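Notes to accompany the following structure.
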Amino acid sequence: MKKMLLLLGCFIILGTTATASEILSPERTSVNVKVGFGTGSVDYGRNDYNFDISLANTSVNIEYIASYERKVELGAGVGIARNAVDDWDWDITTIPVYALARYKWDTDSDWNPYVFSNLGYAFSNYDKSYNDNSVYDNEKINGGLYWALGVGAEYKENFSAELYWNRYDLEYERNSSSGDEKGGFDVDMVTLAFGYRLDI
């Protein structure tokens, strides 16, 4: 809950620095494409116990970014991420759709650092049926809330590198002859991403 409030606070602080006229007239509009590689863990909640498992992640994101005075940048993005656990038969593709806010410091060099936050919803396509040896007949993982906080640096206003923490709050459903089960679990990731930004 504290992380959620912190994230919402970032959006409010960054959003209030741009006037209505500035929002309608950005100084720069661009598309940012980035590829990320991450590692993290899954807090896999069950009704009777919890345990953590580690996973690897690769992702591709496309973002629309509008830049305003004082280096405030607002926009939206969509991505696709493959989350895999090597020692489990577990491979989830998530598709986050999110709003973004960035604040960039203008330095007198080719490098300009920035901080950013994302907030949105992540869709999931995981829907698996099991054989007779499994306790469950079917398992489905639904989407859930997605958010991220990170730092980055832009080189010559085109190339970028980012390091950020992001979380997916996902929901699951399991069906069996003995009854149905619903619950949730968190996927926490630390991602290193590289991007290229093109003006439009």
(request) Could you grab me the full set of residues in the stretch 168-198 that are open to solvent by 30 Å² or more (accessible area, probe 1.4 Å) and touching a Leu at 6+ places or on another chain (Cβ under 8 Å)? (result) 169, 184, 186, 190, 192
(request) Being without any contact (Cβ under 8 Å) to a residue 60 or more places away in the chain and open to solvent by 40 Å² or more (accessible area, probe 1.4 Å) is the filter here, so list the residues in the stretch 152-167 that pass it. (result) 155, 156, 157, 158, 159, 163, 165
(request) Would you check if residue 33 is assigned to a strand (DSSP E or B), among the hydrophobic types (A, V, I, L, M, F, W, C) and at pLDDT 80 or above? (result) yes
(request) Kindly establish whether residue 93 is at pLDDT below 90 and in a loop (DSSP other than H, G, I, E, B). (result) no
(message) Please determine whether any residue of the stretch 55-74 is modelled with pLDDT under 85, surrounded by 20 or more Cβ atoms within 10 Å (Cβ to Cβ) and among the aliphatic types (A, V, I, L, M).
(response) yes
(request) Name the residue, out of 125, 133, that is surrounded by fewer than 16 Cβ atoms within 10 Å (Cβ to Cβ) and modelled with pLDDT under 70. (result) 133
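The values are calculated or read from the model by the stated rules, or taken from the named source; none is laboratory data. Model, not experiment: these values are computed from the prediction. Positions of Cβ are generated from backbone atoms using ideal geometry, with glycine treated the same way; all protein chains shown enter the neighbour counts. Surface areas here come from the heavy atoms of the whole protein model, side chains and all, with no ligands, DNA or RNA. Shrake-Rupley method; radii C 1.70, N 1.55, O 1.52, S 1.80 Å.
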